[in-house]
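Notes follow the structure.
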């Protein structure tokens, strides 16, 4: 082996820092290549998957509607309904139309959310809004129709 060959093999004139920087740069290039390859394969796979779904769809078909003149008019007659109030309404009529709590200062209709939260033993029933106002109660803000 001659001295000329040794120079090319040893790379005379290059310090260790330059050599390590070059190796880091080459390693970085290899890592970036692998990352970009993985990202490219992921996007290609996703695109092919979406493309296969688009091809499998069938178009939506709407049935043709018949015109009103061609349809026979059929009148709906409801079955006989008894005109007796339900048990819930009967209970409301017997107790009163407005309810308040003995611990509170607001009155509610029985179907309002505030009235539902009052315990049965704390409920005070009034026959009307005027009766509740005379007792010193105010209308609830969240119950529509009391104002």
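FYI, it's all coordinate maths here, none of it is from the lab. As the structure is a computational prediction, the values presented were derived from the model and not from experiment. Quick reminder, even Gly has a Cβ in these numbers, built from the backbone with ideal geometry, and neighbours come from all protein chains shown.
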- Note on the structure: Quick note on 137, 107, ordering by fewest other C-beta atoms within 10 Å, gives 137, 107
- For the residues 124, 60, what sequence is obtained by ranking on other C-beta atoms within 10 Å, fewest first? 60, 124
- Message: Neighbour counts of other C-beta atoms within 10 Å: give me 111, 125 arranged from fewest to most.
- Response: 111, 125
